[in-house]
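Below: one structure, written as structure tokens.
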Amino acid sequence: MEPNRFKQQIRSSEPQIGIVAGVSDPYCTDILGGAAFDWVLIDGEHSPTDPIALLRQLQVLAGHRREVAYRPGYHAGQFVGQWLDIGVRTFVLPNVQSAAEAEAFANATRSPPAGRRGVGPALARAAAWGRHEEYLRGADAQICIIAQVESAAGVDAI
């Protein structure tokens with residue numbers, strides 16, 4: 001399993017330059033992936049990115065070896081496992097209002113016993129459909145969550 005370079009660079013305070021893919025079209029995302037950026041943020045909050053469009057964008061970006069962050073339009077825990085299974089490792093969680101809200105999302109990204117994510121690597125693109133034997137042991141460490149605080153209530157909660 002490849003390490004999450006985005007997460008590694010954040011931890012080392014290494015500067016990174018990225019771009020937002022504000023469209024859900026994989027053809028346009030492919031153009032961004034070929035540009036000289038460290039990462040691409042797929043914006044599911046302000047673009048019509050459904051799971052199939054997200055998967056197609058992840059597939060084209062994999063060919064460019066770019067790190068990918070995904071900003072979902074909602075914090076719904078029931079979709080987190082699906083996003084992880086198709087290959088999302090970095091999330092920018094919009095409009096976080098409290099630590100409890102961020103913790104609930106983080107819990108949905110972690111496998112038991114640390115969290116409540118479902119276990120099914122044989123069905124996951126991220127685990128190469130079961131071919132990455134170390135996936136269950138190492139996946140949690142590669143997940144990065146950035147809480148995006150956008151309101152006075154969120155700032156007060158900090």
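The values are calculated or read from the model by the stated rules, or taken from the named source; none is laboratory data. Predicted, not measured: the structure shown is a model, and the values here were computed from it. Every residue, glycine as well, gets a Cβ built from its backbone with ideal geometry; the counts of neighbours run over all protein chains shown. Surface areas here come from the heavy atoms of the whole protein model, side chains and all, with no ligands, DNA or RNA. Shrake-Rupley method; radii C 1.70, N 1.55, O 1.52, S 1.80 Å.
Miscellaneous remarks
- For Glu14, the shell of other residues with beta-carbons less than 14 Å away shows a net charge of +1, using +1 for Lys and Arg and -1 for Asp and Glu.
- Extending 7 Å from Cα along the Cβ direction at Arg131 and again at Ile52 yields two label points whose distance is 2.5 nm.
- Additional length obtainable on full extension of the chain from Glu2 to Ala157, 0.36 nm per residue less Cα span: 52.3 nm
- By accessible area, using a 1.4 Å probe on protein heavy atoms only, the range 111-158 has 57% of its surface on carbon and sulfur.
- Annotation: per residue accessible area for the chain equals 53 Å², rounded to a whole number [probe 1.4 Å, protein chains only].
- Sorting Asp85, Asp38 by solvent-accessible area of protein heavy atoms yields Asp38, Asp85, largest first, with a 1.4 Å probe.
- Excluding exposed DSSP-loop GluC sites (Glu not before Pro) (at most 15 other C-beta within 10 Å), longest clean stretch of the chain: 1-132
- Using a probe of 1.4 Å, the accessible surface attributed to His75 totals some 50 Å² when neighbouring protein chains are kept in position.
- Where labels lie 7 Å past Cα in the beta-carbon direction, separation of Asn107 and Gln78 in nm: 1.8 nm
- Label zone at Asn95, where the point sits 7 Å out along the Cα-to-Cβ direction: the range 44-70 residues whose backbone N lies under 16 Å: 44-49
- Where only DSSP H runs of four or more residues are counted, the chain gives -10000 deg cm²/dmol as its mean residue ellipticity at 222 nm, each run worth -39500 (n - 2.57).
- Spin-label model, Ile17 to Gln148: label points 7 Å out along the Cα-to-beta-carbon direction sit 2.2 nm apart.
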